[in-house]
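Notes follow the structure.
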Amino acid sequence: MKKTIKLTFAAFFSVTLMLFASMVQAQTTKEEFLAKWENSKKFTLDVLAKMPDSGMDYRTDPGAMTFKEQIHHIGMAIVGISQGYLKGAANGPELDVKTASRADLAKFVAEAYDYGAASVKALSDADAAEKIEVFGSTVSRRQIEALLIDHSTHHRGSAIAYLRANGVEPPAFVGF
């Protein structure tokens with residue numbers, strides 16, 4: 001009986017150690033991040049392409065962003081956060097969403113994602129690990145990269161809900 005308890009404890013301890021070890025290594029490499037970033041870009045552009053022209057100004061309620069504004073906001077946030085926290089170049093892409101066509105918006109979003117990728121690529125490992133003040137928290141620039149992905153996913157998810165509300169089947173998920 002004691003042997004069984006010792007074996008069970010040893011197995012549990014080993015599994016726990018392996019789980020903690022995998023959590024420590026959970027941070028992606030720059031190359032892994034950039035591959036996921038390209039998928040995010042493609043998925044966002046696929047979502048934009050699916051919305052018919054009649055749905056570009058659709059909003060779920062008067063206080064919500066339109067579909068077009070959701071997609072534009074993704075690009076604007078990439079540029080603003082990259083400039084403010086990832087040492088991005090001063091001259092990022094811009095677009096007046098009020099007068100923009102679908103083609104203009106697609107071009108802007110693609111350029112914003114490329115700008116974000118260039119900002120991440122330009123960071124040294126030391127820059128990426130550096131802790132900075134962001135929105136009242138102290139975080140690494142690597143955490144800001146994760147914020148960009150999360151933010152893009154959040155607003156793209158809203159845009160997907162807008163597609164469904166307009167009877168449009170969203171594009172297939174782009175994962176790895």
- Message: Only four residue types carry charge here, +1 at the Cβ of Lys and Arg and -1 at the Cβ of Asp and Glu. Report the dipole size of the range 29-165 about the Cα centre in Debye, rounded to the nearest 20.
- Response: 240 debye
- Query: Which percent of Cα-Cα pairs in the range 89-156 sits in each 10 Å bin, short to long?
  - Reply: 18, 41, 31, 10, 0
- Can you list the residues, at least 5 places off or on another chain, whose amide H is less than 5 Å from the amide H of residue 132, using H built in the peptide plane? 139, 140, 141
- Final fewest-first order of 149, 74 on the 10 Å Cβ neighbour count is 149, 74
- Along the positive direction of the dipole of the range 29-165 (beta-carbon charges: Lys, Arg +1; Asp, Glu -1; about the Cα centre), which of 123, 73, 91 reaches farthest? 73
- Note on the structure: For the range 29-165, the Cα convex hull volume per residue in Å³ comes to 105 Å³
- Translational D (Stokes-Einstein, µm²/s) of the range 54-106 at 20 °C and 1.002 mPa s when Rh comes from the Kirkwood sum over C-alpha pairs? 176 µm²/s
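The numbers here are math on the coordinates, done by the rules we state, and not lab data. Computed from a predicted model, the values in this text were never measured in an experiment. Note that we place each Cβ from the backbone using ideal geometry, even for glycine, and neighbour counts take in every protein chain shown.
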